[in-house]
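> My structure is below; once you've seen it, I'll send some questions.
None of the figures in this text is laboratory data; all of them are computed from the coordinates on show. Remember, it's a predicted structure, so these values are computed and weren't measured experimentally. Here the Cβ is made from the backbone with ideal geometry for all residues, glycine too, and neighbour counts use every protein chain on show.
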Amino acid sequence: MLSKEIIESHGFTDDEFERILKILGREPQIVELGIFSVMWSEHCSYKSSRIHLRKFPTKGDRVLQGPGENAGVIDLGDGLAAVFKMESHNHPSFIEPYQGAATGVGGILRDIFTMGARPVAILNSLRFGDIKLPRNRYLFSGVVSGIAGYGNCIGVPTVGGEIYFDEIYNNNILVNVFALGIVRKDMIFKGVASGVGNPVIYVGSKTGRDGIHGATMASDVFDETSEAKRPTVQVGDPFTEKLLLEACLEVMNKGLIIGIQDMGAAGLTSSSCEMAGRAGTGIDIHIDRTPVREAAMTPYEVMLSESQERMLIVTDPAKEKDVMDIFHKWDLDAVVIGEVTDTKKIRVINRGEIVADIPVESLTDEAPLYERSIAPPPYLEILHDLDMENLPVPPDLNNVLLTLLSSPNISSREWVFRQYDHMVRTDTVVMPGSDAAVIRIKGTNKGIAMTADCNSRYCFSDPHAGGAIAVAEAARNIVCAGGEPVGLTDCLNFGNPERPEIMWQFQQAIEGISAVCRKFNIPVISGNVSFYNETNDISIYPTPIIGMAGLIEDISRCMTHYFKKDGDIVILLGRNIEELGMSEYLREIHHKVRGVPPFLDLDLEKKVQELCLYGIRQCIIKSAHDTSEGGLAVALAECCIQAENKKNTGAVIELSDDIRVDALLFGETQSRIIITVSPERVKELEGVAVSMGTPVTVIGKVGGEKLVIRHKSAAVIDMSVDHMADAWRKAIPGYLGEEQ
Amino acid sequence: MKFAIIVFPGSNCDHDCYNIVKHVFGRPASFVWHKEIDLSQFDAVILPGGFSYGDYLRSGAIARLSPIMTAVREFAGRGGLVLGICNGFQILLEAGLLPGVMLRNKSLKFICKDVYLRVDNINTPFTLKYFENQVVKMPIAHAEGNYYVDSDTYSQLRKNNQIIFRYSGHNGEVDDDVNPNGSIGNVAGVCNDKGNVLGMMPHPERCGEKILGGTDGYTLFESIVYYVEKMKHK
């Protein structure tokens with residue numbers, strides 16, 4: 001008989017426990033209770049989100065695998081496919097930043113190579129609290145070291161990403177990792193346990209006591225006691241993962257396996273249940289055969305451990321020995337711990353005694369599903385009210401630009417990406433720092449552009465608009481690199497889903513994302529939901545991160561944002577509008593978080609992107625940069641500041657728009673791209689713009705050593721680019737007390 | 001000529017070295033698993049970068065005990081060309097095939113970026129296609145590249161022209177400002193006294209194609225190929 005405390009400590013509601021009694025027709029044993037607990041956790045079951053996630057458009061000509069597998073797959077042509085996904089490791093990274101972030105990288109990489117793909121690139125999206133607080137600096141440095149420690153060791157380049165600081169993340173940081181792999185289309189593997197009687201093989205690291213109930217921990221809010229949850233954080237071993245990667249790809253290339261799944265959240269439990277669930281079979285696990293790191297581990301601990309670098313493989317009995325030989329060559333454990341059955345049950349057997357016997361479907365497809373109540377939050381009306389008339393225009397706009405360039409959210413990320421090996425594999429063509437990272441695909445003429453984007457302040461004010469802008473901006477970044485968006489993955493980070501206003505944010509964001517996906521024909525092929533990002537009743541801003549991949553048919557025509565040559569003409573695609581709501585300028589300069597996000601005109605967005613992509617493919621455009629946080633002035637400054645070791649470029653810009661100057665310079669109006677072209681090709685570009693119906697304006701010329709911006713003939717910005725570059729580069733090391 | 005690329009558990013620049021040899025230079029290359037013991041059919045051996053044995057204990061400290069290292073030592077002893085890049089350099093140090101040790105970077109951080117190097121000795125099989133004191137750009141990517149030897153050994157290295165590459169500015173100036181990791185004398189690469197074993201922290205295999213933003217590493221492989229195919233047997 002299980003005590004009330006034990007049942008409660010597993011996080012079940014009364015209804016859920018009743019449901020278990022009904023499924024089993026008896027009291028659960030302790031191992032069964034543990035299995036239900038993790039499989040029905042929010043983290044594994046998506047019980048609050050599943051209903052809403054169905055709204056995403058997931059189909060498309062290039063989609064080879066949509067959501068539901070370890071990762072999504074997009075057809076790249078030439079018999080090749082891209083496998084990608086994004087995942088969160090927020091809760092563990094807050095408790096233990098280095099290992100939390102490291103194992104976040106390890107987990108997403110396994111999702112990619114489980115599909116048969118070799119991982120070729122990593123991006124990450126990070127959110128931290130106020131960088132001026134010591135604890136946040138510790139978390140920031142720890143997470144960056146953890147990502148570096150794991151990614152560098154395993155030899156997959158970290159090629160880009162984004163980082164924002166805001167006090168709303170003081171007690172709930174976000175660590176989202178995107179990974180992409182390349183696979184031959186005919187060599188894609190799936191997590192299925194098919195073929196009754198086939199052996200189930202455990203490979204990889206031994207099982208330890210780390211990470212027990214990690215999935216449950218990630219499905220709860222934080223409070224003062226969260227520090228005590230450190231033992232639920234897993235410890236990563238990138239060296240073993242490297243061996244596992246090579247061994248898995250070797251058995252796959254030799255056609256030796258039927259199904260494979262990594263042991264991520266909820267470890268052996270979820271991998272066995274999901275593999276059996278997808279194949280409509282059952283699995284018997286002889287738990288006492290599992291390789292363990294510590295003596296006297298109980299079946300409960302072994303089933304729930306989230307020790308890293310482990311995989312479950314189903315193969316043909318005739319190929320079992322060959323599989324074993326390859327894993328042993330790589331000095332990895334490989335043990336047959338069970339077999340596929342026709343029982344449709346997951347049975348756990350410890351020294352002949354059955355310690356768990358549960359119908360698989362009750363843990364997967366038939367896990368609880370909630371339609372949580374939804375209500376808009378009460379704060380919106382006050383938040384949306386921005387009194388522009390009483391907002392003074394600062395007298396010294398040079399100083400404003402300098403402040404923005406050295407602000408935590410806009411300044412250079414070199415301190416971060418210099419710690420990441422972003423060149424290993426010799427595929428990185430556009431390095432971190434441009435709008436999107438670009439890698440080549442060896443043996444072809446093609447490349448892939450990748451980006452991760454989300455402005456969570458916009459989402460806080462209007463999650464529908466914020467979600468839509470995240471997709472539009474991601475697509476714009478891909479286009480600025482010369483890519484055509486082909487698919488996206490998401491990582492939806494929200495507060496506590498039991499609160500109606502959080503579910504409202506969630507629902508709105510999904511609708512906003514879906515609307516743009518449909519308009520641009522970009523399918524959602526994989527994703528992840530992280531709820532319960534809440535501490536002491538304070539929720540994070542809704543943060544639906546969009547990870548997007550784009551195809552570049554001719555890698556020689558990929559693009560960067562840097563101004564290239566003196567005399568080139570600077571042209572703005574799109575229009576300037578008087579908007580300042582929820583902008584970085586408003587927050588940094590006026591210390592206000594108010595207003596509505598910029599207006600997104602999807603037709604205009606589409607026309608701007610079409611012209612940009614056309615111009616890059618026709619070699620008319622020589623640089624392309626999207627304007628985002630900090631607006632036009634910051635974007636122009638970023639175009640002028642060249643990569644380290646290269647001489648900066650100046651520009652003279654003339655603007656005549658009839659809007660207030662701070663909004664013109666720093667407003668974050670969407671659907672704008674700054675491009676440059678040689679003087680002799682301006683007419684050609686303008687001609688194409690007219691035929692496409694895309695608004696374009698010649699706004700200036702590259703040259704000199706200063707960035708000069710004139711508004712109606714008056715110089716409003718006039719500053720040395722070297723000076724701006726210096727402030728921009730030294731900001732993050734400065735905040736961390738590491739002056740360079 | 002035929003290249004061997006040694007694969008230790010945890011090597012991760014092995015494919016990159018293979019790519020430049022095989023696809024950029026069109027020369028045969030083979031991956032050689034660290035448990036093998038024979039290198040007799042090869043003309044040059046590359047110990048690639050990465051994290052052999054996860055850099056556990058100390059970079060290169062476990063890999064030096066791999067069975068293949070006996071063959072590498074014999075191969076070098078017969079005058080064969082051995083190139084250790086990054087972790088490969090660290091393994092050569094641990095194996096005693098090159099003098100010195102590697103400390104953690106002065107910043108205590110992993111550093112990945114392009115740096116300038118001055119080629120201080122072009123009279124080696126690895127550098128004969130560079131010109132005297134040429135300044136080249138190559139990426140580094142390491143956490144333990146802070147090369148150290150005692151002052152006697154350092155003088156010896158200088159006297160014998162064993163210092164092949166030094167971190168420099170883009171005009172070839174060698175000083176603390178352009179030293180990324182704290183290496184003694186800005187040393188980025190050294191060879192043995194016979195000149196047939198080179199260890200270097202920068203990655204020439206990462207800058208051998210225009211599309212990757214630089215081709216200064218191409219020249220190093222070009223030198224090796226030229227030496228083996230045109231000079232060695234004459």
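> For the protein assembly as shown, give the share of DSSP beta bridges that are antiparallel, in percent and rounded to the nearest 5; count only bridges with both residues there.
If we restrict to bridges inside the protein assembly as shown, about 75 percent are antiparallel.
> Report Rg(Cα)/(2.2 N^0.38 Å) for chain A, keeping two decimals.
In units of the globular-protein estimate, chain A measures up at 0.96.
> Compute the angle between helix A:721-735 and the longest alpha-carbon principal axis of chain A, please, reported from 0 to 90 degrees and rounded to the nearest 10.
30
> First check a/c for segment A:511-606, with a ≥ b ≥ c the square roots of the eigenvalues of its C-alpha gyration tensor; if it is under 1.5, answer rounded, and if not, answer prolate when a/b is larger than b/c or oblate otherwise.
Taking the square roots of the gyration eigenvalues as a ≥ b ≥ c, segment A:511-606 is oblate.
> Name the long-range amide H neighbours of B:Ala143: under 5 Å, sequence gap of 5 or more, or other chain; modelled H, no Pro or chain starts.
So B:Ala143 has HN proximity to B:Ile111.
> Using the number of other C-beta atoms within 10 angstrom as an exposure proxy, rank B:Tyr147, B:Tyr218 with the fewest first.
Ranking B:Tyr147, B:Tyr218 by Cβ neighbours within 10 Å, fewest first, gives B:Tyr218, B:Tyr147.
> Angle between the Cα long axis of helix A:631-640 and the longest principal axis of chain A, 0 to 90 degrees, nearest 10?
90
> Sort out for me the Cα centre separation of segment A:649-673 from segment A:422-471, rounded to whole Å.
24
> Moving to a separate point now. So what J values fall out for segment A:80-86 if you push phi through Karplus, 6.51 cos²θ - 1.76 cosθ + 1.60 with θ = phi - 60°, rounded to Hz, Gly and Pro as x?
Values, residue by residue: 10, 9, 9, 10, 8, 6, 10 Hz.
> Turning to a different aspect of this structure: Per DSSP helix of 4 or more residues, -39500 (n - 2.57); summed, then divided by the residues of the protein assembly as shown. What does that give at 222 nm, rounded to the nearest 500?
Computed mean residue ellipticity for the protein assembly as shown: -9000 deg cm²/dmol.
> With a Cα-only, solvent-free Debye model of segment A:139-289, what are the log10 I(q)/I(0) values at q = 0.11, 0.13, 0.15, 0.17 Å⁻¹?
With no solvent term, the Cα-only Debye profile gives -0.59, -0.82, -1.05, -1.27.
> For A:Ala121, enumerate residues with amide H under 5 Å from its amide H, sequence gap 5+ or separate chain, H modeled in the peptide plane.
Answer set, sorted by chain and number: A:Leu180.
> Relative to the longest principal axis of the C-alpha atoms of chain A, give the angle of the C-alpha long axis of helix A:238-253, reported between 0 and 90° and rounded to the nearest 10°.
Value to nearest ten degrees: 80.
> Let me ask something else about it. How many percent of DSSP beta bridges within segment A:2-125 run antiparallel, rounded to 5?
90
> Can you spot the aspartates and glutamates whose alpha carbon is less than 19 Å from A:Lys345's alpha carbon? Ignore those fewer than 8 places along the same chain.
A:Glu27, A:Glu32, A:Glu274, A:Asp284, A:Asp288, A:Glu353, A:Asp357, A:Glu361, A:Asp365, A:Glu366
> Here's something else I'd like to know. Can you pick out the pairs among A:Lys190/A:Lys329; A:Lys442/A:Lys646; B:Lys22/B:Lys159 whose Cα atoms lie more than 32 Å from each other?
Among A:Lys190/A:Lys329; A:Lys442/A:Lys646; B:Lys22/B:Lys159, the Cα-Cα distance tops 32 Å for B:Lys22/B:Lys159.
> Hey, which of these cross-link pairs are over 31 Å Cα-Cα: A:Lys132/A:Lys607; A:Lys132/A:Lys622; A:Lys446/A:Lys565; A:Lys85/A:Lys206?
The pairs that break the limit, which is 31 Å between Cα atoms, are A:Lys132/A:Lys607; A:Lys132/A:Lys622.
> As a test of understanding, state the convex hull volume per residue of segment A:563-717 from its alpha carbons, in Å³.
Looking at segment A:563-717, the number lands at 113 Å³ per residue.
> Which residue fluctuates most in the GNM of chain B (Cα springs below 10 Å): B:Ile164, B:Ile85, B:Ile37?
Judging by the Gaussian network model, the answer is B:Ile37.
> Hey, which aspartates and glutamates would be in cross-link range of A:Lys712, C-alpha to C-alpha under 12 Å, not counting anything within fewer than 8 residues on its own chain?
Excluding near neighbours in sequence, the set is A:Glu654, A:Asp657, A:Asp658.
> Do any trypsin sites (Lys or Arg not before Pro) in segment A:620-711 lie in a DSSP loop with no more than 12 other beta carbon atoms within 10 Å, and if so, which?
Sites meeting the loop and neighbour criteria: A:Lys646, A:Lys647.
> For a quick check of your reading of the filter: which chymotrypsin sites (Phe, Trp or Tyr not before Pro) in segment A:544-619 sit in a DSSP loop and have no more than 15 other Cβ atoms within 10 Å?
A:Phe599
> To continue, here is another question. If we count other beta carbons within 10 Å of each Cβ, what is the order of B:Lys109, A:Lys22, fewest first?
Placing the least packed residue first, the sequence is A:Lys22, B:Lys109.
> Right, here's the next one. Relative contact order of chain A, please, whole-number percent, based on alpha carbon pairs below 8 angstrom and at least 6 residues apart.
It comes to 15 percent, rounded to a whole number.
> Let me ask something else about it. Please state the relative contact order of segment A:252-309 as a whole percent: Cα pairs under 8 Å, 6+ residues apart?
The value is 45 percent.
> Quick one: 3J(HN,Hα) in Hz for segment B:139-152, Karplus 6.51/-1.76/1.60 with θ = phi - 60°, rounded, Gly and Pro as x.
x, 10, 7, 7, 10, 10, x, 8, 6, 9, 9, 6, 5, 5
> A further question follows. Name the long-range amide H neighbours of A:Asn533: under 5 Å, sequence gap of 5 or more, or other chain; modelled H, no Pro or chain starts.
Residues meeting the criterion, in which the H sits 1.01 Å from N, are A:Phe494, A:Gly495, A:Asn496.
> Given the C-alpha centroids of segment A:519-544 and segment A:70-124, what is the distance between them in whole angstrom?
17
> Let me ask you something else. Convert each backbone phi in segment A:20-34 into a coupling constant with the Karplus relation 6.51 cos²θ - 1.76 cosθ + 1.60 (shift: θ = phi - 60°), then list the ³J(HN,Hα) values in order as whole Hz, x for Gly and Pro.
These are the phi-based 3J(HN,Hα) values: 4, 4, 5, 4, 7, x, 6, 5, x, 7, 4, 5, 5, 4, x Hz.
> What order do you get for B:Glu222, A:Glu605 when you list them from fewest to most C-beta neighbours inside 10 Å?
Ascending Cβ contact count within 10 Å gives the list B:Glu222, A:Glu605.
> OK, next. Using only the alpha-carbon atoms of segment B:80-180 as identical scatterers, what base-10 log of I(q)/I(0) does the Debye formula give at q = 0.13, 0.23 Å⁻¹?
-0.48, -1.65
> Next up: Using alpha carbon centroids, what distance separates segment A:392-417 and segment A:262-299, in Å?
So the two Cα centres are separated by 51 Å.
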